[in-house]
Amino acid sequence: MDVRVAATGGVRYGELWTLGIGDLMRAAAADVLKNFDGDMKDIDTLVLSNCFAGRALGIHTLIPLAYDELGFRGRIFEVTGSDATGGFAVQRAAILIESGVAQRVLVLGVEKIGDLLASQVQSALSSLLGSEQVFQGQTLASDYALMARQYMETYGVTLRDLALISVKNHANASLNPMAQFPFPLTVEQAAESQEIASPLRALDAASICDGASALILEKPGKNSSPVSIVGLGEGRDLPGLHDRKDLTSLAATREAAQMAYEAAGVSPQEIDVAEVHDVYSIAELMAIEDLGFARPGQAKTWVRKGRTALGGDLPVNPSGGLKACGHAPGATGVRQAAEIAVQLSASAGKRQVADASVGLSHSVGGNGSQCAVTIFRTIAIRG
């Protein structure tokens, strides 16, 4: 596969009270087009990514809105896949181009959920679980807390280890002007913050917020960007934790990663930079192992030694991740892909990973029931 990333863009995530979902779509589209050598008439296909517009706004399809707000008259697809939706949208666009159906695709992820009450947001997040789990009153936080408890007891991980992940991601975000929380955090602040679902603390969790991110993908050509999508992988698992064999690992991530590595013809050891789905700090710790970077139980050593920090062996979430950039569920996977493209084009500024040429983005849906892994590579421009 060779699908080029022509441009990236978006808006800063946060509590965007004055902007509606249409405003966010227009702003992200305008920003990505600003970085593109062309305009909307050069786009033949639009892939929309959203998670909660139906629940939060009563809008169950964004196609008419895109037709109206963006004035787009080409082919439009909508993608949904829990809060991995953005990752799947990027993959759908790449497949459309690789198959010859499309030549140039705008991927637009958008979420407007900040106007809901906190209890309504929690209810929306719980809807990403299975119907049985929702009926029993489980939440996304409670499921990740169960995984965290099992992982910590199995591998000797402490609250301090989890806090180190949040501290690292906030340090990265302080170098990212697009991050929602671009300020440093101490281990004590994270480890001693309010407990939300034992053993997880408030500062282990990503903030659910509004936002929009965009990518333009295209077939390779003489003047194409050298940043290419070269491998796609997806995985699934049962929604109920009681049906899973192991709570210290996400089978969907392992499946998606293996598929993506094989498609790209690379190994985990060749990845230079990764954006992973750290909706809770334990999720990043598990991802380091499930993506093949570290052996089971060894991710804690990577974190303690700073191997996943900027300047480490394998920087993870140089953007600040979901934790510090904010998590706009329908847009996050697009933002993650955009960050990898920015890193591979050596345009990430102060958070730039040195000599990055192979990158990976990892999007997880719900409690790990679905996953998209996408691999990017810098490729010599063909004449």
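Per-structure values
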quantity: Only one of Arg236, Arg254 that is under 17 Å from the mean Cα position of the chain (by Cα) and either acidic (Asp, Glu) or more than 17 Å from Thr85 (Cα to Cα) (or both); calculated: Arg254
quantity: Candidates Ser357, Ser345, Ser361, filtered to the one that is buried (at least 24 other Cβ atoms within 10 Å of the Cβ) and among the polar types (S, T, N, Q); calculated: Ser361
quantity: Criterion: over 28 Å from Gln180 (Cα atoms) and either out of contact with any strand residue (DSSP E or B) (no Cβ under 8 Å at 6 or more places or on another chain) or modelled with pLDDT under 95 (or both) - qualifying residue of Leu241, Leu285, Leu310; calculated: Leu241
quantity: Options Val187, Val121, Val157, Val167: the member that is touching a Gly at 6+ places or on another chain (Cβ under 9 Å) and more than 24 Å from Ala89 (Cβ to Cβ); calculated: Val157
quantity: All positions within the range 31-44 that are loosely packed, with under 15 Cβ neighbours inside 10 Å and within 13 Å of Thr8 (Cβ to Cβ); calculated: Lys34, Asn35
quantity: Considering residues of the range 284-308 that are farther than 21 Å from His327 by Cα and among the β-branched types (Val, Ile, Thr) only, the residue surrounded by the fewest Cβ atoms within 10 Å (Cβ to Cβ); calculated: Thr301
quantity: Gln336 being touching a helix residue (DSSP H, G or I) at 6+ places or on another chain (Cβ under 9 Å), under 18 Å from Ser166 (Cα atoms) and buried (at least 24 other Cβ atoms within 10 Å of the Cβ); calculated: yes
quantity: Residue in the range 309-328 that is farther than 20 Å from Ser82 by Cα, of a type in the set (S, T, N, Q), in contact with a helix residue (DSSP H, G or I) (Cβ under 7 Å, 6 or more places away or on another chain) and surrounded by fewer than 24 Cβ atoms within 10 Å (Cβ to Cβ) present; calculated: no
quantity: Those residues of the range 220-236 which are charged (D, E, K, R) and at pLDDT 95 or above, in sequence order; calculated: Glu234, Arg236
quantity: Strands (runs of 3 or more DSSP E) contained entirely in the range 175-256, each with at least 3 residues that are touching a residue at least 12 places away in the same chain (Cβ under 8 Å) and surrounded by fewer than 23 Cβ atoms within 10 Å (Cβ to Cβ); calculated: 227-236
quantity: Residue in the range 116-136 that is surrounded by 20 or more Cβ atoms within 10 Å (Cβ to Cβ), of a type outside the set (A, V, I, L, M, F, W, C) and assigned to a loop (DSSP other than H, G, I, E, B) present; calculated: no
quantity: Any hit, the range 276-283, residues being in contact with a His (Cβ under 8 Å, 6 or more places away or on another chain), of a type outside the set (Val, Ile, Thr), buried (at least 24 other Cβ atoms within 10 Å of the Cβ) and within 14 Å of Ala163 (Cα to Cα); calculated: yes
quantity: Selected residue (only one of Ala328, Ala274, Ala257 is closer than 20 Å to Gly235 by Cβ, touching an Asp or Glu at 6+ places or on another chain (Cβ under 7 Å) and not hydroxyl-bearing (Ser, Thr, Tyr)); calculated: Ala257
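The values are calculated or read from the model by the stated rules, or taken from the named source; none is laboratory data. Just so you know, these numbers come straight off a predicted model, no measurement behind them. Glycine gets a Cβ as well: all are built from the backbone with ideal geometry, and neighbour counts include every protein chain shown.
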